[in-house]
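Values in this text are rule-based calculations from the coordinates and carry no lab data. Quick caveat, the model's predicted, so the values are computed rather than measured. Don't worry about glycine lacking a Cβ; one is built from the backbone with ideal geometry, like all the others, and counts go over all protein chains shown.
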């Protein structure tokens with residue numbers, strides 16, 4: 001017979017006749033019944049199947065009923081046990097009840113007694129099951145409300161709940177930050193305390209107008225706790241919650257927008273020649289602002305402390321919002337808003353219950369979840385990664401994630417934004433920088449060649465004429481004239497040295513004559529020989545060095561050249577260590593000295609110091625081909641410069 005009650009009973013007794021009789025009788029009451037002839041077999045069945053009630057005899061060989069009862073309560077605490085004994089006043093009954101038995105039967109027992117005891121136990125089991133279900137539903141709803149409340153409380157706009165008398169019933173964290181009050185202080189205040197221009201006698205008309213229209217958009221001035229006043233745009237919405245009327249108001253600081261409007265007006269007055277273009281620009285700006293207000297008004301719903309409203313705000317968010325359960329590895333998606341579903345090409349039911357690896361490329365499948373998991377509670381972390389859509393498209397995103405503790409579990413609220421456009425703009429800037437750098441190097445090469453060929457030829461001719469003059473002066477034996485000629489000859493040699501130095505700095509002739517590696521070796525050797533004090537220089541190249549573009553060679557050379565110039569000017573070291581190697585399709589150039597060093601904090605803050613060290617030029621050169629420059633220094637402890645330069649420069653369009 002099929003068990004409609006969904007109650008499974010296991011009868012354990014070593015008397016086969018009694019066992020069969022109990023099984024036959026119990027199934028008459030629409031319960032599912034199984035049997036076992038001893039405690040060992042009973043435990044095996046409990047491991048294989050689910051049972052709600054176990055009826056066991058106490059007197060059995062090998063494992064008696066008391067031992068079985070203790071095993072069940074230890075390993076299957078949700079199973080209720082009824083014990084059977086032939087001794088009604090036996091101490092075994094007391095021991096069984098103390099061990100967790102729900103009831104007992106005294107042999108011989110009428111079958112009707114079994115029916116009554118089973119009905120009572122089943123009724124208690126179902127009451128407990130129903131209570132657990134209601135507790136689970138209540139807990140789930142409470143968690144959802146807490147998550148939704150967190151989303152509202154941390155919204156970027158200030159949010160107020162205003163009663164019919166103008167006093168605040170609620171203000172979120174953004175409102176508190178905007179005005180400088182605590183949320184508790186705001187709940188003791190009214191609209192008239194923060195709006196210096198709103199008169200109490202005008203409140204009733206405003207309230208009636210809000211009741212009539214439902215929503216009002218207006219601008220006002222708010223006054224902060226420190227007296228600072230700033231303009232705001234307010235979206236007021238009439239709502240009723242628990243039979244009480246509220247004005248649910250969204251307030252946004254529009255100081256920057258007002259400054260922009262004022263700048264546009266001033267520019268319109270002062271620049272008469274551009275009045276037409278400025279007028280068009282102003283009109284476009286105003287239209288864009290109006291369009292933004294309309295879109296926001298369409299998406300902003302009136303607030304209430306209900307699950308439905310919180311859910312609406314969650315769904316209306318333009319950013320992609322994930323809620324992740326960190327109890328699993330990788331984390332499981334337990335909710336996602338509509339924007340998230342749309343951008344990834346999945347329906348909500350396809351995302352919920354799946355691991356985050358569904359939308360993370362394999363390269364980030366463990367890295368990103370682990371980064372979120374290691375964050376501290378209530379600490380917001382920000383990073384960039386990539387996501388993959390259902391159709392396989394990969395796109396970059398910016399992630400802002402925060403860990404939240406809800407009762408006995410930790411979840412992550414992850415707010416993400418598509419940064420494809422920004423990445424394309426950055427790529428375009430890198431390409432333009434590369435082209436600019438290439439143009440500068442070509443111009444350097446041309447100037448160096450002109451100096452070497454044309455100016456060098458002039459110097460050669462001039463030197464020839466000086467030699468002829470020198471011969472004539474020697475014949476005349478005029479001491480004064482010979483003195484002046486010696487000064488002229490010295491100045492001429494200095495001019496030649498200066499010309500050669502400028503040519504070398506612009507582009508060493510050895511670069512075109514001998515190649516990349518010999519140029520680096522010559523630069524290091526020349527640095528060592530020209531220092532006023534002894535410097536030990538170690539230059540190590542990890543062979544082989546593969547083929548690379550001309551511009552990559554130039555960038556690498558310039559980083560080495562500028563680093564050695566800085567060491568010569570500022571460091572005064574005893575030792576310099578230089579290494580050049582290839583790792584992960586990148587040139588890794590490291591220049592390390594044990595000289596004076598400097599404070600990187602001062603370097604980062606002072607742009608003039610940065611330019612003086614030539615570090616800004618190096619950074620710009622390396623970043624122009626998507627490379628990276630790392631600077632590690634400490635006053636009195638030397639400096640290490642490490643450049644990572646891609647072997648293949650970005651393709652320019």
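Relative contact order for the stretch 509-646: 23 percent, from Cα pairs under 8 Å spaced at least 6 residues apart, divided by residue count. Protection proxy ranking of 210-217, 589-596, by the mean of other Cβ atoms within 10 Å over each peptide's residues and highest first, is 589-596, 210-217. When 32, 563, 624, 542 are sorted by how many other C-beta atoms sit within 10 angstrom of their C-beta, beginning with the fewest, the order is 542, 32, 624, 563. Oblate is the label for the stretch 509-646. Its Cα gyration tensor axes, ordered a ≥ b ≥ c, give a/c of at least 1.5 and b/c at or above a/b.
Taking a ≥ b ≥ c as the square roots of the Cα gyration tensor eigenvalues, the stretch 8-131 comes out rounded, since a/c falls below 1.5. Taking a ≥ b ≥ c as the square roots of the Cα gyration tensor eigenvalues, the stretch 50-116 comes out oblate, since a/c reaches at least 1.5 and a/b does not exceed b/c. Neighbour counts of C-beta atoms inside 10 Å place 206, 222 in the sequence 206, 222, starting with the fewest.
List 349, 619, 521 from most exposed to least, where exposure is judged by having the fewest other Cβ atoms within 10 Å.
Ranking 349, 619, 521 by Cβ neighbours within 10 Å, fewest first, gives 349, 521, 619.
Peptides 329-338, 237-246 ranked from most to least packed, by the mean per-residue count of other Cβ atoms within 10 Å: 329-338, 237-246.
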